[in-house]
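Input: a single structure, listed below in structure tokens.
The values are calculated or read from the model by the stated rules, or taken from the named source; none is laboratory data. Computed from a prediction, not measured in an experiment: that's the story for all the values here. Cβ: placed from backbone, ideal geometry, glycine included. Neighbour counts: every protein chain shown. Protein only, heavy atoms only, side chains kept; ligands, DNA and RNA dropped before computing areas. Shrake-Rupley method; radii C 1.70, N 1.55, O 1.52, S 1.80 Å.
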Amino acid sequence: VLLEESGGGSVQAGGSLRLSCTASGGTISMYAMAWFRQDPGKDRERVAAITSHGTPYYADSVKGRFTISRDNVKNTVTLQMNRLEIEDTAVYYCAARDGEPTTFSGWWDQWGQGTQVTVSS
């Protein structure tokens, strides 16, 4: 499947953004899906993931603030980000994997091009 992210942008700390990932060329229903983020010079970090059955996982840094969801009919995955912090600034990537939603980015099969999220004070 091909993945395309949308919804990034600039927001002040405390604000909200909603990222969407739309898949084409196949169905995501059997895939684990995830959102990763990456700052320059840092490793890609898994922010949130959701299994094919809908079980979510979150990094400790975003628990209680971010919510991941999926719509297998619309072939989309969404990341609702609330109470954004300056530290959330990064490029956010959507990813798909045929398997468990591992935190290791190298084991994910498909990636989008990324969308920039910038949080300012």
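Let me check something: with ligands and nucleic acids excluded, how do I50, I86 order by accessible area (1.4 Å probe), largest to smallest? Intermediate values should be presented prior to the final figure.
On the way: I50 10, I86 85 Å².
Descending accessible area places them as I86, I50.
Highest first, please rank the peptides 102-114, 28-40 by the mean number of other Cβ atoms sitting within 10 Å of their residues. Display every interim value, and only then the final one.
Details: 102-114: 14.8, 28-40: 19.7.
Highest mean packing first, the order is 28-40, 102-114.
Percent of accessible area on the chain owned by carbon and sulfur, 1.4 Å probe?
Details: 3000 of 6250 Å².
Heavy-atom surface of the chain belonging to carbon and sulfur, 1.4 Å probe: 48 percent.
Per residue, the accessible area of the chain comes to 52 Å² when a 1.4 Å probe rolls over the protein heavy atoms. Under the convention that each Lys and Arg Cβ holds +1 and each Asp and Glu Cβ holds -1, the size of the dipole of the chain around its Cα centre is about 240 debye.
When restricted to Cα atoms, the chain yields an Rg and a Dmax of 13.2, 40 Å, respectively. A Förster radius of 30 Å combined with the Cβ-Cβ distance from S61 to L2 puts the calculated FRET efficiency at roughly 0.55. Rolling a 1.4 Å probe over the protein heavy atoms leaves D71 with an accessible area of roughly 50 Å².
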